[in-house]
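Engineer: The structure's right below; bear with me while I get my questions together.
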Amino acid sequence: MNTQTYKRNYHPLIILLYTSGMLSTEDLKELPRTTKYNWNHFKHEDYYGVELVTDYIKQFDDIKDIYQSKYTARAVKTILKVRKGYYKMLGELVHHKKLLALHADSIVSSVEDMALFTGVTVIKSCKFYGVSKDWYYNQKNKIICELSPFTKCFKQYPNQLSLNEINSIEGAISDPKNNRFPLSTIHYQGLRNKKFGFGITAFRKYAAAFGYTKPKRKKKKAKLGFRASYVFE
């Protein structure tokens, strides 16, 4: 008669499933009575790292309710797949930061709706959409300034040109005398006349914000020349 016994090593999630009541009747029969007795008297606070898993243990009851309903579990899986696809698409875009700034209002409203509807914190809603908490509050609290051609507040973005410099750019590109000159010529003329004190890159950027378009030059028709019919004609 073989009286050899061995001790089972259980996966950590088995203990969590047992304490949450998610094991089936067949699974419970496979567990020894002493093991279940020890797990019933299991104290989380006696182990190191309990503060790291407290939030997860609190949310595990919600996870259990989700997976007990097939329709709810399917909806959650669909949302997670959409989230993964959103992250993948956003990560492959070269100008994803500009795309986020372009749709900032929609993302901010979506984060607020998700936090209000689901009851989760704003920080977790931001993580779902792949944005940081600081980005969310910066976009939410941004002030739209009508004086700036980029609608940015001068207090929040102090690196902008002053109002006098902006007015000088607008006056230079709207002057009928400068219609036939390119932007580089207009800029250098302003430097000579001490109207401008900034680089041509900033000048081009603000001129484009004011709707400047490069003037089209009409091509002159080539004159008809004379062609000889024989040598030395």
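The values are calculated or read from the model by the stated rules, or taken from the named source; none is laboratory data. These numbers come from a predicted model, not from an experiment. Note: ideal-geometry Cβ built from the backbone for every residue, glycine included; neighbour counts use all protein chains shown.
Engineer: Identify, from the list Thr213, Thr185, the residue that is within 27 Å of Gln160 (Cβ to Cβ), of a type in the set (Ser, Thr, Tyr) and loosely packed, with under 10 Cβ neighbours inside 10 Å.
Structural biologist: Exactly one residue qualifies, and that residue is Thr213.
Engineer: Moving on. Only one of (1) more than 27 Å from Phe196 (Cβ to Cβ); (2) in a loop (DSSP other than H, G, I, E, B) fails for Pro158. Which number is that?
Structural biologist: (1)
Engineer: Here's something else I'd like to know. Quick check on my filter: what residues within the range 133-151 are of a type in the set (Lys, Arg) and either in a helix (DSSP H, G or I) or more than 30 Å from Tyr212 (Cβ to Cβ) (or both)?
Structural biologist: Within the range 133-151, the subset of a type in the set (Lys, Arg) is 133, 140, 142.
Matches in the range 133-151: Lys133, Lys140.
Engineer: Looking at the range 100-114, I want the residues that are assigned by TED's automatic domain parsing to the domain that holds Asn138 and have a partner that is among the hydroxyl-bearing types (Ser, Thr, Tyr) and surrounded by fewer than 14 Cβ atoms within 10 Å (Cβ to Cβ) with Cβ atoms under 9 Å, at least 6 apart or on another chain. Which pairs are those?
Structural biologist: Listed pairs, sorted by first residue: none to list.
Engineer: Anything in the range 154-165 that is surrounded by 15 or more Cβ atoms within 10 Å (Cβ to Cβ) and not aromatic (Phe, Trp, Tyr)? List them, or say none.
Structural biologist: Of the residues in the range 154-165, the ones surrounded by 15 or more Cβ atoms within 10 Å (Cβ to Cβ) are 154, 160-161, 165.
Across the range 154-165, the qualifying residues are Gln160, Leu161, Glu165.
Engineer: Report the residue count in the range 196-216 for those that are assigned to a loop (DSSP other than H, G, I, E, B), of a type in the set (D, E, K, R) and within 14 Å of Ile173 (Cα to Cα).
Structural biologist: 1
Engineer: Let me ask you something else. Which residues, counting only those in the range 157-191, are farther than 14 Å from Pro215 by Cα and hydroxyl-bearing (Ser, Thr, Tyr)?
Structural biologist: Tyr157, Ser162, Ser168, Tyr188
Engineer: Would you check if there is a residue in the range 122-132 being within 30 Å of Gln59 (Cα to Cα), part of a loop (DSSP other than H, G, I, E, B) and touching a residue at least 24 places away in the same chain (Cβ under 8 Å)?
Structural biologist: Yes; the residues of the range 122-132 include at least one that is within 30 Å of Gln59 (Cα to Cα), part of a loop (DSSP other than H, G, I, E, B) and touching a residue at least 24 places away in the same chain (Cβ under 8 Å).
Engineer: Further question on the same structure: Within the range 53-76, is there a residue that is farther than 30 Å from Ser24 by Cβ and either modelled with pLDDT of 75 or more or not hydroxyl-bearing (Ser, Thr, Tyr) (or both)?
Structural biologist: no
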